[in-house]
Amino acid sequence: MSAESGALLTDLYQLTMLHAYVRRGMGEPAVFELFVRSLPPARGFLLAAGLEQALEYLATLRFTGEELAWVAREGRFDRAFVDYLARLRFTGDVHALPEGTVFFPDEPILRVTAPLPEAQLVESRLLNLLHFQTLVASKAARAVLAAPGKVLVDFGLRRAHGAEAALLAARASYLAGLAGSATVLANPRFGIPLYGTMAHSFVQAHDDEAEAFAHFAADDPEHAVHLLDTYDTEAAAAKVVTLAREGVAVRGVRLDSGDLAEHARRVRRILDAGGLRDLIASGAPIDGFGLGTRLVTSADAPYLDCAYKLVEYAGRPRRKRSEGKASWPGRKQVWRRHGDDGRMCGDVLALEDDPQAGTPLLVPVMRAGRRLGLSASLAASRAHAAAELGRLPEPLRRLEPGAAYPVTVAPALRTLAATLDGR
């Protein structure tokens, strides 16, 4: 993925703004916050993801010789600006929600404090990284809540929007609670467990369906999950029963076509009658799901209305007032309260220096361009996400339409916004 994460993976206006900032000496400290303005209609909460890749991007940001040569010959930038970019490194501070944290609209998931050109330049790539993984993690979290106790696996590589999207979708969905992925590179890259069965082509390549099952089981008996619906689903289930009685390994069966619920009930009856009751716990018709296209593209809600906005420059709070896109000014913190049952019961969005009841969610993760301590492991972030989902109020856990969570804005923050508006 390194070839896709260079300094020129940005919007042109980032460079043109930087050029103007540098020429006019506008290098005072700036504070930007990244947040989501509103929830999609099918979401009651979001799950923060992508911080690890965001911090890696910031820590390694630099312009290569080839990139500098492009800037020099592009025609709109002077030589002094090229020299500035050659020296540029990210030297700022970052506060963020730990990966796997549940959050809601207007709550910052990342705050960048750095000289204005640095803080501006990183906008596009930070949005790109945090938006996508948060989008997929939030979709995956819905699946985890909807299918408790089931084995859920990412099967989305072939429909993902590019190589980086496939890998980061595997990571985000595992963080949210999926059991693993079929994407092989997700294991060496992130340590994610791998799952896989067979394709219809494997069955079609054999003259006999039962022979295909037998060959597959002989070569990988520990993972012999047989795909039943290449031809006739119920007939294939009967063949699996016969093979199992002959000693052929059968670890499970897979369906991916037609009315899955009805086929699952029919296949379950065939397997039960054939004595293969141990394939599934508690007699459930289905004990696992492969989630593909609709997961990695978050098909029902394929984007978030996220933004990265300037909230302070040169020591003064700043506020955007565009119609429908107004932002809250100043450095902020999110405070979360929990009830006696441990469930989250309300958040307060406040200025950083205005403490509220509850637990502050934004934590420092980078200072002066250097990461603070070791980053959380993916396993630790996954455990944090599971704990966060467990603390959701029951209506949000049940994914009820219109379920709301209280997020209030502290009086001091409202007063500051009104004061700026008055100017």
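The values are calculated or read from the model by the stated rules, or taken from the named source; none is laboratory data. Here the structure is a predicted model, which means the values were calculated and not measured. Note: ideal-geometry Cβ built from the backbone for every residue, glycine included; neighbour counts use all protein chains shown. With ligands, DNA and RNA removed, areas are computed over all heavy atoms of the protein, side chains included. Shrake-Rupley method; radii C 1.70, N 1.55, O 1.52, S 1.80 Å.
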List pairs: first in the stretch 153-177 and under 15 Å from residue 142 (Cα atoms) and touching a residue at least 24 places away in the same chain (Cβ under 8 Å), second open to solvent by 30 Å² or more (accessible area, probe 1.4 Å) and among the aromatic types (Phe, Trp, Tyr), Cβ under 6 Å, 6+ apart or cross-chain? 153/195
Residue pairs qualifying under the 7 Å Cβ cut-off, at least six apart or on distinct chains, with the first in the stretch 401-413 being in contact (Cβ under 8 Å) with a residue 12 or more places away in the chain and farther than 16 Å from residue 38 by Cβ and the second being open to solvent by 50 Å² or more (accessible area, probe 1.4 Å) and not hydrophobic (A, V, I, L, M, F, W, C), are 410/356
Going residue by residue through the stretch 330-350, is there one that turns out to be open to solvent by 60 Å² or more (accessible area, probe 1.4 Å), polar (S, T, N, Q) and under 27 Å from residue 55 (Cβ atoms)? no
Do we find a residue being surrounded by fewer than 17 Cβ atoms within 10 Å (Cβ to Cβ), on the phi < 0 side of the Ramachandran plot, among the β-branched types (Val, Ile, Thr) and not in a loop (DSSP other than H, G, I, E, B) anywhere in the stretch 242-262? yes
Return yes or no: is residue 408 in a helix (DSSP H, G or I), hydroxyl-bearing (Ser, Thr, Tyr) and modelled with pLDDT of 95 or more? no
Being outside any strand (DSSP E or B) and open to solvent by less than 50 Å² (accessible area, probe 1.4 Å) is the filter; apply it to the stretch 287-313 and report the residue that is modelled with the lowest pLDDT. 292
Test: residue 324 is surrounded by fewer than 14 Cβ atoms within 10 Å (Cβ to Cβ) and in contact with a helix residue (DSSP H, G or I) (Cβ under 9 Å, 6 or more places away or on another chain): no
Residues of the stretch 380-405 classified as charged (D, E, K, R), modelled with pLDDT under 95 and in a helix (DSSP H, G or I), total: 2
Taking the criterion of being open to solvent by less than 50 Å² (accessible area, probe 1.4 Å) and outside any loop (DSSP other than H, G, I, E, B), would at least one residue in the stretch 372-379 satisfy it? yes
In the set 171, 125, 111, which member is open to solvent by less than 20 Å² (accessible area, probe 1.4 Å), of a type in the set (D, E, K, R) and in a strand (DSSP E or B)? 111
Could you say whether any residue in the stretch 44-61 is open to solvent by 50 Å² or more (accessible area, probe 1.4 Å) and more than 30 Å from residue 399 (Cα to Cα)? yes
